[in-house]
Amino acid sequence: MSSTALSHLPPASQTPLFFRLDVRSQRLVALTDVMQTPLHWLDEPRSAWPAQLPDALRLPIEQALASGLGGKLVLRFAGQQWHIALSHEQDAFWLICLQTQRQEPIADLALQLPRLSQMASQQQFVADVLRGEPGIAVARTGQPGSLTSVFLRGANSQQTLVLVDGIRVNNGFNNAYDFSQLAVDNIERVEVLRGPQSTLYGSEALGGVINIVTKQGAGTPGGSAQFEYGSFGTLLGRTSFAGRTGKASLAADLSYTQSDGDRINSDFSALNLSGRARYDFTESFSAALLVNYLRSDDGTPNDRFTDDPNDRTKNENALIGLTLNADPTSWWNAKATFSYAHENGKFAQPAPNPPFFFGDYASNLLAERWLADFQNIFTPADGHKILLGGTLERSTADYRDTYGALDRAIETYSVYGQYEFTPVERVTLTAGGRVDDNSAFGTHGTYRFGGRFTAPGTETIFRATAGTGFRAPSIAQLYYPGFSNSNLQPEESFGWDAGVEQPLAGGKFRIGATFFHNDFDNLIAGFPPANVSRARTFGVENFATWTPVTNLTLRAAYTWQHTENRETGLTLDRRPEHSGSVGLNWDIVPTVSANVTALFSGPRSDMDYSGWPAARVEMGSYTKLDLGLRWKITKNLEVYGRAENLLGERYEEAYGVPSLGRFFSAGAIVRF
């Protein structure tokens with residue numbers, strides 16, 4: 001390998017830097033993210049990178065590549081600890097990932113994230129990127145813009161924690177997160193941690209954690225403008241900017257989208273602003289500022305038995321986060337995060353309200369969260385990593401509707417720790433614990449254990465985890481007048497999983513399977529609510545990827561999942577027993593690419609609320625076929641088109657609210 005093939009590299013950062021190396025041509029391509037979108041060829045740079053990769057990093061990488069084994073390197077340079085993952089993609093190609101301190105094993109992220117994010121280039125919303133991934137079910141209550149829930153390993157939307165750059169964004173009033181308006185704008189990648197994760201992340205992390213990682217400015221400053229028009233009067237306008245100058249970097253994105261929908265009163269519009277700025281004061285100290293803002297206005301026709309002509313939902317969300325990162329010594333990394341989240345939701349239901357003809361109803365919610373987190377990672381010796389941290393959180397909700405009002409606050413103080421032990425190169429063991437003290441219910445503890453082993457020779461990966469999770473009762477459940485219970489205790493879960501992953505054919509083919517089992521206890525149910533319910537989920541998550549040639553990738557995922565309400569013996573609503581996806585990414589020629597994805601969902605149960613009492617029903621299975629095409633006409637101009645639900649499947653993810661029919665759109669991107 002050429003000694004200059006790795007000669008350029010952006011400054012050290014906690015954001016992963018991805019490269020693909022062609023050993024035969026000695027060409028190293030920088031990737032904008034793990035989705036593997038080329039940024040430019042490093043041996044033919046458009047402009048010089050701010051820093052060069054020194055011998056202290058380059059030589060160990062070259063030695064590892066020459067051995068043909070790849071794997072993970074941990075190197076110390078410039079006051080920072082570098083985690084370097086070398087993944088043998090094909091006979092003559094390597095995926096190289098460089099990153100400074102982080103909690104998760106970098107090899108896991110480098111190998112697993114491409115399967116999640118390859119769909120993103122043809123999708124507008126994060127929820128659609130997550131569809132069909134192992135262990136994930138998505139339920140949208142009708143058209144785009146409608147309430148969208150994500151179920152991770154059978155846990156409900158209140159039991160899945162959502163983060164943006166590590167900052168929690170679940171609603172402070174009901175603990176849930178609505179994915180309906182979360183666009184892919186300015187998002188670099190999506191990380192999914194499955195199974196109970198409360199040890200590091202606290203409340204809501206029973207089913208797992210979904211972390212949205214925003215883009216970070218790098219390279220020569222530049223921008224883009226995008227315009228798209230499609231079926232049902234759908235319009236998208238977007239502009240973005242990213243770049244780095246000296247020690248400062250910025251990535252920002254502003255977009256506006258609107259659509260009429262194909263039902264009465266199903267229109268929606270959204271304004272989305274996202275930005276991330278960073279300044280490196282020294283090699284060992286940096287500050288990053290995150291700003292997100294979303295404003296949406298959606299028609300709410302409810303189910304097809306209602307077709308309400310004038311109900312409206314309006315939301316305004318804002319998130320501000322400041323992260324300070326420092327390396328006080330060669331063995332100590334410290335990070336402090338301060339954030340403020342604001343959510344203002346308004347719902348108006350003016351009369352008449354068919355078919356029940358109720359009178360006017362309106363609600364107004366202002367939910368806020370202040371959070372401070374201080375985290376330390378100590379590496380006192382090779383093979384030993386200790387993580388210690390603490391969190392202060394205050395959540396408030398001012399909620400008023402036609403029937404009542406509340407104005408309450410909950411404070412939580414937490415301490416947590418995790419020990420990672422690598423006795424030998426191919427074995428990693430972890431153990432962690434956490435204690436949360438909540439002003440509403442008192443003290444609660446969680447724990448988690450994990451292990452990973454990579455077999456020599458076959459490179460088979462074995463992994464297993466076991467741990468507990470919890471969800472604190474929400475402000476709504478604790479304090480809403482007439483429908484609450486101030487004595488509620490946390491919902492709890494115990495989960496374990498065991499999986500195996502195997503690369504074959506020199507890394508061209510990769511297959512894996514994970515069995516998981518979760519028990520949920522102390523679940524909150526009923527009116528008024530009480531800790532009276534239990535549930536169980538278990539199943540197998542499977543995936544396979546195949547890259548027969550460098551410009552073609554095939555992927556498949558399948559999940560078998562059993563869910564059970566242990567009080568009634570019935571399955572949990574809106575969770576299919578069988579689901580999966582198959583997809584194809586094909587670079588037809590260097591300037592033209594195609595993406596095809598087919599999603600499958602088996603039958604699911606739900607409740608029919610069109611009569612009284614509500615009746616249990618079963619929704620049928622469906623298959624959804626999506627297609628995307630892109631043509632890069634010049635280095636500054638790209639056109640694209642996409643088709644969703646190409647087969648015109650009529651289906652419902654929530655009973656009584658039809659999903660969108662066939663959808664076509666076309667657009668253009670101009671880069672400057």
**Asked** Looking at LEU322, LEU290, LEU365, LEU271, which one is in a strand (DSSP E or B) and farther than 23 Å from GLU393 by Cβ?
**Response** LEU271
**Prompt:** Conditions: (1) closer than 23 Å to GLY208 by Cβ; (2) over 22 Å from the mean Cα position of the chain (by Cα); (3) surrounded by 16 or more Cβ atoms within 10 Å (Cβ to Cβ). THR465 meets all but one. Number of the miss?
**Reply:** (2)
**Prompt:** Do you know which residues across the stretch 166-188 are under 11 Å from the mean Cα position of the chain (by Cα) and more than 24 Å from GLY237 (Cβ to Cβ)?
**Reply:** GLY166
**Prompt:** Quick check, is GLN489 part of a strand (DSSP E or B) and in contact (Cβ under 8 Å) with a residue 40 or more places away in the chain?
**Reply:** no
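Please go through the stretch 406-429 and pick out each residue that is among the hydroxyl-bearing types (Ser, Thr, Tyr) and open to solvent by less than 30 Å² (accessible area, probe 1.4 Å).
Residues satisfying the conditions are THR412, SER414, TYR416, THR428.
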**Qualifying residue in the stretch 435-454 (condition: more than 28 Å from THR379 (Cα to Cα), touching a residue at least 60 places away in the same chain (Cβ under 8 Å), assigned to a loop (DSSP other than H, G, I, E, B) and open to solvent by 40 Å² or more (accessible area, probe 1.4 Å))** = no
**Message:** Of all residues being under 23 Å from VAL435 (Cβ atoms) and among the polar types (S, T, N, Q) in the stretch 357-395, which is surrounded by the most Cβ atoms within 10 Å (Cβ to Cβ)? Just the residue, please.
**Reply:** SER395
**Message:** Just the residues that are of a type in the set (A, V, I, L, M, F, W, C) and open to solvent by 10 Å² or more (accessible area, probe 1.4 Å), please, taken from the stretch 191-212.
**Reply:** VAL192, LEU193, LEU200
**Message:** Residue pairs, Cβ under 6 Å, 6 or more apart or interchain, first in the stretch 271-282 and at negative phi and open to solvent by 30 Å² or more (accessible area, probe 1.4 Å), second part of a strand (DSSP E or B) and among the β-branched types (Val, Ile, Thr). List them.
**Reply:** ARG276/THR214
**Odd one out for ILE106 among (1) surrounded by fewer than 22 Cβ atoms within 10 Å (Cβ to Cβ); (2) modelled with pLDDT of 80 or more; (3) in contact with a Pro (Cβ under 8 Å, 6 or more places away or on another chain)** = (2)
**Message:** Considering only the stretch 474-490, I want to know if a residue exists there that is within 22 Å of the chain's Cα centre (by Cα) and either open to solvent by less than 10 Å² (accessible area, probe 1.4 Å) or of a type in the set (Ser, Thr, Tyr) (or both).
**Reply:** no
**Prompt:** Just wondering, is there one or more residues in the stretch 298-305 that are under 25 Å from the mean Cα position of the chain (by Cα) and under 25 Å from VAL213 (Cα atoms)?
**Reply:** no
**Request:** Please go through the stretch 239-261 and pick out each residue that is part of a loop (DSSP other than H, G, I, E, B), open to solvent by 70 Å² or more (accessible area, probe 1.4 Å) and closer than 30 Å to GLY299 by Cβ.
**Result:** ASP260
**Extreme residue, nearest to GLY469 (Cα to Cα), among residues of the stretch 142-165 that are under 12 Å from the mean Cα position of the chain (by Cα) and of a type outside the set (A, V, I, L, M)** = THR160
**Residue under evaluation PHE179, criteria (1) modelled with pLDDT of 90 or more; (2) not in a loop (DSSP other than H, G, I, E, B), criterion not met** = (2)
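Answer yes if at least one residue in the stretch 541-551 is in contact (Cβ under 8 Å) with a residue 24 or more places away in the chain, among the hydroxyl-bearing types (Ser, Thr, Tyr) and part of a loop (DSSP other than H, G, I, E, B), and no otherwise.
Of the stretch 541-551, the ones in contact (Cβ under 8 Å) with a residue 24 or more places away in the chain are 541-548, 550-551.
Next cut, among the hydroxyl-bearing types (Ser, Thr, Tyr) only: 545, 547, 550.
Subset that is part of a loop (DSSP other than H, G, I, E, B): 550.
Within the stretch 541-551, one or more residues are in contact (Cβ under 8 Å) with a residue 24 or more places away in the chain, among the hydroxyl-bearing types (Ser, Thr, Tyr) and part of a loop (DSSP other than H, G, I, E, B).
The values are calculated or read from the model by the stated rules, or taken from the named source; none is laboratory data. As the structure is a prediction and not an experimental result, all values here were calculated from the model. All Cβ positions, even for glycine, are placed from backbone atoms using ideal geometry, and neighbour counts span all protein chains on display. Just the protein is used for accessible areas: all its heavy atoms, side chains included, with ligands, DNA and RNA removed. Shrake-Rupley method; radii C 1.70, N 1.55, O 1.52, S 1.80 Å.
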